1. Based on the Kirkwood radius over alpha-carbon pairs, what value in µm²/s does the Stokes-Einstein equation return for the translational diffusion coefficient of segment 36-96 at 37 °C and 0.692 mPa s?
2. For segment 1-70, run through the trypsin sites (Lys or Arg not before Pro) and keep only the ones in DSSP coil with at most 15 other Cβ atoms within 10 Å of their Cβ.
3. How much accessible surface area, in Å² rounded to 10, belongs to the heavy atoms of residue 69 with a 1.4 Å probe?
4. Which pairs, out of 53/127; 19/115; 89/127; 3/115; 53/122, put more than 32 Å between their alpha-carbon atoms?
5. Just to verify a number: what accessible area does residue 58 come out at with the full protein assembly present, 1.4 Å probe, Å² rounded to tens?
6. Expressed in nm to one decimal, what extension gain is obtained for the pair residue 6 and residue 70 from 0.36 nm per residue of sequence separation less their Cα-Cα distance?
7. Taking a spot 7 Å from the Cα of residue 50 along the direction of its beta carbon, which residues of segment 9-25 have an amide N less than 19 Å from it?
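The values are calculated or read from the model by the stated rules, or taken from the named source; none is laboratory data. From a predicted model like this one, the values you see are computed outputs, not experimental measurements. In this analysis, Cβ positions are derived from the backbone assuming ideal geometry, glycine residues included, and neighbour counts consider all displayed protein chains. Quick note on the areas: whole protein, heavy atoms, side chains included, nothing else; ligands and nucleic acids left out. Shrake-Rupley method; radii C 1.70, N 1.55, O 1.52, S 1.80 Å.
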Amino acid sequence: MLKLSKKVRTVVLHTNKGKLMALISTDTTLTAAQIIEIYGSRFSIELAIRDVKQYLGFGEYQHHSLLPVLRFLHTVGIAYNIGKIVLIKYGKCKWLNITSDTGDTPWVSELSFSKLRYCLRKYALGKLVFADSAPEAEQHEIVLDKDAIVDFVA
């Protein structure tokens, strides 16, 4: 039993894994659907913050002046959005559809930066190691792969 000095509204959900999850709001005027929507929005924001800290260097950036921090923040925002566009636009490309033999992947979501980083690394290493493979093999997929990489780098 929680001892709270303020009234709260609680929404209890069953997750896909069969576990219970409680969402708590201090705004008692919200409906259950609104509370779920707010938590869903907040969750995607938290994932975006995690991605920019882990994969785009925002967690390590330090400066004493505001202008360089704002410039870096804008650069990180652009890089983040380009990464998401690549994951959405080129999600069907062969180089982004890599799975491991065990069925486990190093990412949770199909739109995660860990997936993009893993797939780009594996793709680039594959091209470096197998650069002498037949050029006519799967020509359509190779063109899509090149377009995706050029879009991402640009």
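1. For these conditions, the coefficient is 248 µm²/s.
2. Details: sites: 3, 6, 7, 9, 17, 19, 42, 50, 53; in loops: 3, 6, 7, 17, 19.
Answer by residue number: 3, 6, 7, 17, 19.
3. Residue 69 has an accessible surface of roughly 40 Å² with all protein chains in place.
4. 3/115
5. Counting only protein heavy atoms, the figure is 70 Å².
6. Numbers: separation 64, 0.36 × 64 = 23.04 nm, distance 3.81 nm.
So the chain would gain 19.2 nm between residue 6 and residue 70.
7. Correct set: 15-24.
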